[in-house]
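The values are calculated or read from the model by the stated rules, or taken from the named source; none is laboratory data. Since the structure is predicted, the reported quantities are computational estimates derived from the model, not experimental observations. So basically every Cβ, Gly included, is an ideal-geometry build from the backbone, and we count neighbours across all protein chains shown. What goes into the accessible areas is simple: the full protein's heavy atoms, side chains included, and nothing from ligands, DNA or RNA. Shrake-Rupley method; radii C 1.70, N 1.55, O 1.52, S 1.80 Å.
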Amino acid sequence: MEGESVAKDALVSESMAKKFEREKDSPYVRWVRSEGLDIISAQYVPDLNTVELRPWERRGGRGVFINHEASRTSNDCYVAEIPAGGKLAPQRQLFEEMILVLAGNGSTTVWNDAGAKVSFEWGPGSLFAIPLNAWHQHFNGSGTTAARFVASTNMPPVINLYDEPEFVFGTAHDFVGRFAGEPDYFADKDDREGLLLRTNFVADAVSLGLNQAKERGAGGGHIRFMMAKGSMNSHISQFPVATYKKGHRHGPGAHVIILSGQGFSLMWPEGEQPRRYDWQPGTLIVPPNMWYHQHFNTGDTPARYLAFKHEGVSIRNEQGVPKAWISRRIGGDQIDYADEAPIVRETFAKALAEKGLTPAMNDAYAAELEDLPPLS
């Protein structure tokens, strides 16, 4: 699997690709290029902590954008670094943004044209969102080491729609329904409803307590976010040692960031053999549009990941439930353990054996059988 070119990538001749060259060179791509930055189009980045950055003169730091071809018109991801003792330039924007701090300590100030201002501090593992079109500025709290964060935005469709960066970054309008300078706006709250945590700031995503979500298998935990009253959303999932989640698929744009643990993921388009991607804290995986994917814990601690995504990634049934949570046996996009290909369990058992471990999946298999829909 790993390293093998087993999936059909639908690549065509250069002459045919030339006919669509102008459509690929979108306003978004041109804007990133004008910022002096690169776009990583890979669906797998081994370590966001060490990925190469370029000087970002306008912001006053360094950065790189990550935008897989399957998600290039929905949402993106970028990594930025704040220099030691430094800060990034203030910015406002007509798109939404969610941020995970990878390394370093510092603070962020958010304000609007009416003069309402809120500041808060962050550290490694902090998770927060920037309210729509609010001014914001990031400061590094260390004078000796750089701070680094990864962010996901829905900038691509906004830039492509207006094709005028001055409008996207320079429109004076306060969305007071999103942010009006509330003093506790970025307080670390624990207000939960179902699987949703209502907060605009999480101090440490790595240690955040999760809710039970047996529907995804493996007896793990789950929590969902919709921060800053936006359409960007995300979730954190965790699963125990020597277990794995159920395979599923959904629309493009999910950026899966490993927070803790070691293991691998399998990804494949329907009808093809899976590709393997090994991961550790800091790894980024971007499942292409409607590719099945599945996550496996082969380490000696629980594995946890954060998935940044736009609402468009979710394909829901008429009840509003993501089809990625619903069995394929009743029309959903999740593969039950009972229906997975033999190669899944074989690959997992082999990877564990290399570390002297054995699968701990019997309870998960048995629990699924209690309410498994019959095969049609």
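Charge tally around Met226: other residues with Cβ under 9 Å, Lys/Arg +1 each, Asp/Glu -1 each, net +2. For the range 257-376, the share of DSSP beta bridges that are antiparallel, to the nearest 5, is 95%.
If you work out semi-axes √(5λ) of the Cα gyration tensor in Å from the coordinates, which of [x] 34, 25, 20; [y] 35, 21, 20; [z] 32, 25, 21 do you get? Among [x] 34, 25, 20; [y] 35, 21, 20; [z] 32, 25, 21, the one derived from this structure is [x]. Our estimate of slack between Gln137 and Val321, defined as 0.36 nm per intervening residue step minus the Cα-Cα distance, is 62.6 nm. Distance between the modelled labels on Glu370 and Arg33, one decimal in nanometres: 5.7 nm (7 Å Cα→Cβ projection). Summed over the residues of the chain and divided among them, the accessible surface reaches 44 Å² per residue at a probe radius of 1.4 Å. In the context of the full protein assembly, Val118 retains an accessible surface of approximately 10 Å², using a probe radius of 1.4 Å and ignoring ligands and nucleic acids. Averaging the sequence gap over all C-alpha pairs within less than 8 Å and six or more residues apart, then dividing by the number of residues, gives the range 124-259 a relative contact order of 24 percent.
Electrostatic tally near Ile236: other residues with Cβ closer than 15 Å to its Cβ, Lys and Arg +1, Asp and Glu -1, net +4. Here the simple spin-label model places points 7 Å from the Cα toward Cβ, and for Tyr162 and Glu270 these points are separated by 3.8 nm.
Can you tell me the dipole magnitude for the chain around its Cα centre, using point charges on the Cβ only (Lys, Arg +1; Asp, Glu -1), in Debye to the nearest 20?
220
These residues, Lys87, Lys19, go from largest to smallest accessible area, 1.4 Å probe, as Lys19, Lys87. Look at the alpha carbon pairs under 8 Å that are at least 6 residues apart: their mean separation over the length of the chain gives a relative contact order of 15 percent.
Per-residue ellipticity at 222 nm from helix content only, as computed over the chain with -39500 (n - 2.57) for each DSSP H run of at least four residues, stands at -3500 deg cm²/dmol. Note on the chain: with neighbouring protein chains present and a 1.4 Å probe, carbon and sulfur make up 52 percent of its accessible heavy-atom surface. Near Gly36: Cβ cut-off under 15 Å, other residues only, Lys/Arg at +1 and Asp/Glu at -1. The net charge is +1.
Annotation: for a label point projected 7 angstrom from Cα along Cα→Cβ of Lys355, residues of the range 246-264 with backbone N closer than 20 Å are 246-247, 256-264.
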